[in-house]
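Notes to accompany the following structure.
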Amino acid sequence: MSEPRTDPVVSGRLGERVEALDGILALQPRPSARWTLTHAALEHLWGVRDRGLVSVASRRSASGAELRDAGLTGRFGALTDDGARFVRLLDRPDVRFGASAAHHGKRAHWGMWLGGDSALVRAQGSVAGLVAGIGDLDVSRFDILPAGSAVGHLMAWSGLTPAWAFASDGPIVVPTSDIDRRIEGESVPKPPGADSLMERLWSAPTWTRVRVWSEATGRGTEWISAGADGTFRAVPVADGRSCRIEVVPGGAVFRDVLSVFLEAPPSDA
């Protein structure tokens, strides 16, 4: 059995041999989905929910056949039990959560409609797909899961990976536009004064900005992933045009995401 590769930068910082963590994202399982639907099929499903009765032409259409094959409508086009549960969660959730990812001019989206102990989740693309340049954003993947499993689905979608996270030797302040340009795939010179860890972070081939939010509280969290090279936040400074790079461990990001899901909405009283 071959020895794992060594991370030379982190090993040098710690003074001991440390395993390299790149490649972990490619090994992570992708989020599964019970239903894959086109936008047309989703609109058709919403129409069935509104009308109840379904014409012969409608249920024989491509979107009608798609819903029937998915098991969301029956032989005569009416909602099945799964279909009724699907639209009920979509129409009347207790809380709605969302997430988005931006990378090289493309976007992926994730949503969760929570009702009781269950949640409907919807994914359009994934971070792994954006980075690899693949993924069909014209279809959505849906599933109904226990609430806790739904949060796990989000974390798999977001591609959050472990990385050796260390603070830089000194604060690095850069123009906010430089961060935006890197996320859009442009080459930007590394900031002056960067130490070896910050240089590696800056040189990572892909940066992806991920945001998660709660519709009920209006609160969310954001991070930028440089793949196995680290996770960081771009914190605005006083002038509004610059930001400070703060490296954060993946575990801290995960706890912040959980806090968004666990925070109760404000009382109406």
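The values are calculated or read from the model by the stated rules, or taken from the named source; none is laboratory data. These figures come from a predicted structure and were not determined experimentally. When we count neighbours, we look across all protein chains shown, and the Cβ atoms used for this are built from the backbone with ideal geometry, even at glycine. What goes into the accessible areas is simple: the full protein's heavy atoms, side chains included, and nothing from ligands, DNA or RNA. Shrake-Rupley method; radii C 1.70, N 1.55, O 1.52, S 1.80 Å.
So if we plug the beta-carbon distance of SER11 and GLU246 into 1/(1 + (r/R0)^6) with R0 = 22 Å, what FRET efficiency do we get, rounded to 0.05? Computed FRET efficiency for SER11 and GLU246: 0.40. Under the combined filter of DSSP loop state and at most 15 neighbouring Cβ atoms within 10 Å, the range 160-230 retains these trypsin sites (Lys or Arg not before Pro): ARG219. For the set TRP46, TRP223, the ranking by accessible area, highest first and with no ligand, DNA or RNA atoms included, is TRP46, TRP223 under a 1.4 Å probe.
Applying a DSSP loop filter and a limit of 10 other Cβ atoms within 10 Å to the chymotrypsin sites (Phe, Trp or Tyr not before Pro) in the range 61-114 leaves PHE76.
Per the Debye calculation on the range 183-236 with a single equal scatterer at every Cα and no solvent contribution, log₁₀ I(q)/I(0) for q = 0.14, 0.17, 0.18 Å⁻¹ amounts to -0.45, -0.61, -0.66. Length available on full extension from PHE76 to GLU199: 0.36 nm per residue minus the Cα-Cα distance, which gives 38.1 nm. Restricting the calculation to Cα atoms, the range 144-269 shows an Rg/Rh of 1.01 when the hydrodynamic-style radius is the Kirkwood one.
For the chain, the 222 nm mean residue ellipticity estimated from helices alone, with every DSSP H stretch of n ≥ 4 adding -39500 (n - 2.57) and the total spread over all residues, rounds to -10000 deg cm²/dmol.
Each residue, ARG88 and ALA20, gets one label point 7 Å from its Cα in the Cβ direction; the gap between the two is 5.2 nm.
Multiplying the residue separation of VAL173 and ARG219 by 0.36 nm and removing their Cα-Cα distance gives an extension gain of 14.0 nm. Altogether, the Stokes-Einstein calculation at 4 °C and 1.567 mPa s, with the Kirkwood radius of the chain over Cα pairs as Rh, returns a diffusion coefficient of 63 µm²/s.
When the solvent-accessible area of the chain is split by element, carbon and sulfur atoms take up 53 percent of it, the probe being 1.4 Å.
Per residue, the accessible area of the range 104-160 comes to 37 Å² when a 1.4 Å probe rolls over the protein heavy atoms. Comparing GLU246, GLU19, GLU222 in a Gaussian network model of the chain, where Cα atoms under 10 Å apart are tied by springs, the biggest mean-square fluctuation is seen for GLU19. Extending 7 Å from the Cα toward the beta-carbon at both HIS39 and VAL188 defines two label points whose distance is 3.0 nm.
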